[in-house]
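S.K.: The structure is given below, and queries will be raised subsequently.
The values are calculated or read from the model by the stated rules, or taken from the named source; none is laboratory data. Only a predicted model underlies this, so the values are computations on that prediction, with no experimental measurement involved. With ideal geometry, Cβ positions are generated from the backbone for all residues, glycine too; neighbour counts draw on all protein chains shown. Accessible surface areas use protein heavy atoms only, side chains included; no ligands, DNA or RNA. Shrake-Rupley method; radii C 1.70, N 1.55, O 1.52, S 1.80 Å.
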Amino acid sequence: MYRKRQLLCDGVDLTALAEEQGTPLYVYSADQILHRFSLFADAFTQPHTVCYSVKANSALAILRLLAEQGAGFDIVSGGELERVRRASKAALKRVVFSGVGKQVWEIDAALKAEILIFNVESEAELALLAERAEALGKQARFALRVNPDVFADTHPYISTGLREHKFGIDIGLARAIYRKAARSRWLDPAGVSVHIGSQIRAVEPFAAALERVLALIGELKRDGLDIRYVDVGGGLGIEYGAAAFDPAEQVKSYAAALTAASGLHLLLEPGRFIVAQAGGLLTRVLYVKKNGAKTFVITDAGMNDLIRPSLYQAHHEILPVRQGTATEQVVDVVGPVCESGDFFARDRKLPKVKPGELMVLLDAGAYGMSLSSNYNTRVRPAEVLVEGSAARLIRRRETMKDLFVAEILD
Ligand SMILES: *Cc1c(COP(=O)(O)O)cnc(C)c1O
């Protein structure tokens, strides 16, 4: 929102914030995150737990914000388990642990933390889970992550629900594995889980996957198993373009597509949907240059700070912080990193900007900072959480010293 031609994040003026904290800077709205989270409680009437997917944005302050609202967490590593512990010990019992390559130390840490459930992705992992549960004297609740062989129309890198993908267990093989597992006193077959991919806009693929999962659960119940949880994964998409988007409606139709799961406790694992549109990346224009017919706007943020355009050809809307009356021009917005893939926008019509001016890459709250790196030996950005009219630094900008702490020279 602009006020007096200056872009604001809730009550905070972004020009002042950039002066104070420097750029590039991730800025998140706490109100927006909490609003998105609340939409699930509004739309789902059956018993459910929203297990926010930590990998979308794993800032401790954001995890704590959500934990205080009763959120659970979907984790994919021992590191993310430690993040949940640091953000909120009370939330550990609402953790679901996904991931195709869990290691012994990660399984042990999760068993000791008494998390809610393991989403197991192979028979070998299930055998290891039983072994570690016995060694630690803990019973492990688990769900098999089944692969429903459902096609979801999204970028191939973030589509996961087809048999050819590395994720999950072929749904046709699941029943036999559950029956075998039920004989172990160290394993509690408590649920079935599925996750078909990310940035899925239509709700039909979720319904199709659930239908197959419920058919399996019916069989398992007839086999005498006490299945209480159905985990439908994450993946609910957002609108990255300029088109109108009604998130409340989106969650409502998502909930409507999942009503067949009644009688079970529903686990939901949204990541992007909660945080993407709550965050922006604030960056300053360094140079504007012409090469042949092209005009390049070079920013102080690069692909190491926000890799989505480079990795997924993702679109992010870009706004100048000072609302221009300036004429528009077609430009490429690029970072300083030494790769031609280091771009934020190509052939995009934007108001003319000058060196020194600020711009915001919108909808950068998910898979932005969490996918950032030190490539080109660049420090990673700082992060700020806006709460009403106050801005709180939740991660300081890295320093030159941080870049070298782990390195060993003679
Ligand atoms: C990445 C992931 C999610 C979250 O996906 P979003 O598209 O961010 O909602 C949920 N569950 C699992 C298992 C994942 O790998």
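S.K.: When the range 377-401 is examined, which residues are found to be in contact (Cβ under 8 Å) with a residue 12 or more places away in the chain, farther than 14 Å from L306 by Cβ and open to solvent by 50 Å² or more (accessible area, probe 1.4 Å)?
M.R.: If the condition is that a residue be in contact (Cβ under 8 Å) with a residue 12 or more places away in the chain, farther than 14 Å from L306 by Cβ and open to solvent by 50 Å² or more (accessible area, probe 1.4 Å), then T377, E387, S389, A390, R392, L393, R395, R396, R397, T399, M400 are the ones that fit.
S.K.: Now a separate question. Please specify each residue of the range 85-112 satisfying the condition of being touching a Gly at 6+ places or on another chain (Cβ under 9 Å) and farther than 20 Å from L187 by Cα.
M.R.: Listed by number, the list holds a single entry, A91.
S.K.: A further question on this structure: Between a first residue in the range 259-273 that is touching a residue at least 12 places away in the same chain (Cβ under 8 Å) and a second residue that is among the charged types (D, E, K, R) and not in a strand (DSSP E or B), which pairs have beta carbons less than 6 Å apart while being 6 or more apart in sequence or on different chains?
M.R.: H265/R228
For every residue, the table says whether it meets (1) among the polar types (S, T, N, Q); (2) within 16 Å of the ligand (Cβ to nearest atom); (3) in a loop (DSSP other than H, G, I, E, B); (4) in contact with a Cys (Cβ under 9 Å, 6 or more places away or on another chain).
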residue: W105; (1), (2), (3), (4): no, no, no, no
residue: A109; (1), (2), (3), (4): no, no, no, no
residue: L126; (1), (2), (3), (4): no, no, no, no
residue: R132; (1), (2), (3), (4): no, no, no, no
residue: F142; (1), (2), (3), (4): no, yes, no, no
residue: V150; (1), (2), (3), (4): no, yes, yes, no
residue: T154; (1), (2), (3), (4): yes, yes, yes, no
residue: F167; (1), (2), (3), (4): no, yes, yes, no
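S.K.: Would you list the strands (runs of 3 or more DSSP E) that sit entirely within the range 175-280 and hold 2 or more residues that are away from the ligand (no atom under 16 Å from the Cβ)?
M.R.: Here the list reads 187-193.
S.K.: Out of the residues in the range 300-320 meeting the condition of being open to solvent by less than 20 Å² (accessible area, probe 1.4 Å) and touching an Asp or Glu at 6+ places or on another chain (Cβ under 7 Å), tell me which one is farthest from V379 (Cα to Cα).
M.R.: By that ranking, first place goes to P320.
S.K.: Let me ask another. Run down A113, A109, A140, A91 and say which single residue is crowded, with 16+ Cβ neighbours inside 10 Å and touching a residue at least 40 places away in the same chain (Cβ under 8 Å).
M.R.: Unique residue meeting the criteria: A140.
S.K.: While we're looking at this one, here's another question. In the range 224-237, which residues are among the charged types (D, E, K, R) and open to solvent by 50 Å² or more (accessible area, probe 1.4 Å)?
M.R.: Hits for the range 224-237 are D226, R228.
S.K.: Any chance you could count how many residues in the range 1-43 are aliphatic (A, V, I, L, M) and open to solvent by 30 Å² or more (accessible area, probe 1.4 Å)?
M.R.: 4
S.K.: I need a count of the residues in the range 47-77 that are surrounded by fewer than 22 Cβ atoms within 10 Å (Cβ to Cβ) and of a type in the set (D, E).
M.R.: Result for the range 47-77: 1.
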